[in-house]
Each structure stands twice: as structure tokens, then as C-alpha cells.
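A.B. asks: Sharing a structure with you now.
The values are calculated or read from the model by the stated rules, or taken from the named source; none is laboratory data. What you see is a predicted model, and the numbers here were worked out from it, not measured in a lab. As a convention, Cβ positions derive from the backbone with ideal geometry for all residues, glycine included, and neighbour counts pool all protein chains shown.
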Amino acid sequence: MVHYRRNRIPGGSYFFTVALHNRRSHVLTEQINFLRKAFRQTQSRQPFSIDAIVILPEHLHTIWTLPPGDADYSGRWRALKGGFTRALHRAGIPVPHHASGEYALWQRRFWEHTLRDERDRQHHVDYIHYNPVKHGYVSAVADWPWSSFHRYVQQGLLPRDWAGTGELHDEQMGE
């Protein structure tokens, strides 16, 4: 068995990329209410804050901050992925299986990056919010409905027209 080396800092902040097994699927946005419910249920059992997030049809990016003394983001992802998968299954939405019978909705792993400082955090927040434009889903960040960008605008942290014309470039942001 492969053992992944992950950086675990209790109370730390982490950037994640989590993807579906089928990168052509649109189930995350088509079934956004089930995904939101899985997030809420996971947070109620194992608290964490969502500092930034974007949901795309087949993957998502997010920044979480864990409570002091807690570094178990893997358990949270396991619960969240499982909760979403079970909700789809219960609703009669077809969920693919591997030949072994195991669900094949999500990629088995996720990508994690420990945020080092405020500059690193801001680069990743920008990357998250700009991602729908990067992938060609919209031409203005404000046009993508499944993003914490709208919360940042409401809180006065970003203007509504931030990066609306595609003026940012990948080398200016996150990953």
C-alpha cells in the first residue's frame, strides 16, 4: 500500500483540489444541493471553516482552516465524499462502480497544499475565484454562481468586477 506523506499542522489552513473520477461529469454542479448538504453534515460532525471555495462541474478547489489541535482533513474529505455519493445513490442518481463494486465517483486521492503565509493564502484565494474563467465556463468571475467570490464581494473584500475581463494570468495565482 502506498503511504502518502501529507503535511499535517493542527489548526492549519490548507488548499485542496478534489476531482471526480470522470473528468467529463457535471454532477457536482448538477447536484449542488447534495454537495452543499454533504459539506454541512461534515462540518457539523467535524468542524472546519471554508475560507474560499469554487465548485466546477467535475472538480472543486477550496481552502479550509481546521480547529486548533486538529489536523484530520483526510477524515473530513472521506466523510464529505461518502456523504455526497450516498446522497446521489439514495436519490436514484446513477453512481459508477469499479469492477470491484466500490463506488467510482471520486478520484481516490486529493491534492493538498499547506498555506505558508498570508501571501500564499491570497494567491490561492485568487486562483480559486479565477478558476471558472481559466476553464472557460464564464468570462467574468462574478458570473460563476458556485464560488465564495460572491461572499467576498458582499463582505467588501473584492469588487464585483474583479478579474472580470480575464486580466489575471495563471502565473499570478496559486497553483
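Yes/no matrix, rows are residues, columns are (1) assigned to a helix (DSSP H, G or I); (2) under 15 Å from the mean Cα position of the chain (by Cα); (3) among the β-branched types (Val, Ile, Thr); (4) modelled with pLDDT of 95 or more:
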| position | (1), (2), (3), (4) |
| --- | --- |
| His61 | no, yes, no, yes |
| Pro68 | no, no, no, yes |
| Ala79 | yes, yes, no, yes |
| Leu88 | yes, no, no, yes |
| Val138 | no, no, yes, yes |
| His150 | yes, no, no, yes |
| Glu167 | no, no, no, no |
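A.B. asks: Then there's this: Would you pick out the residues in region 87-123 that are among the aliphatic types (A, V, I, L, M), in contact (Cβ under 8 Å) with a residue 12 or more places away in the chain and in contact with a Ser or Thr (Cβ under 7 Å, 6 or more places away or on another chain)?
C.D. replies: Leu105, Leu115
A.B. asks: Tally the residues that are polar (S, T, N, Q) and outside any helix (DSSP H, G or I), restricting the search to region 1-58.
C.D. replies: Result for region 1-58: 8.
A.B. asks: List pairs: first residue in region 152-164 and within 15 Å of Ile53 (Cα to Cα), second residue of a type in the set (D, E, K, R) anywhere in the structure, Cβ distance under 8 angstrom, at least six positions apart or on different chains.
C.D. replies: Every condition considered, the pairs that remain are Val153/Arg160.
A.B. asks: Could you list, in sequence order, all residues of region 111-139 that are buried (at least 20 other Cβ atoms within 10 Å of the Cβ) and within 20 Å of His21 (Cα to Cα)?
C.D. replies: Asn131, Pro132
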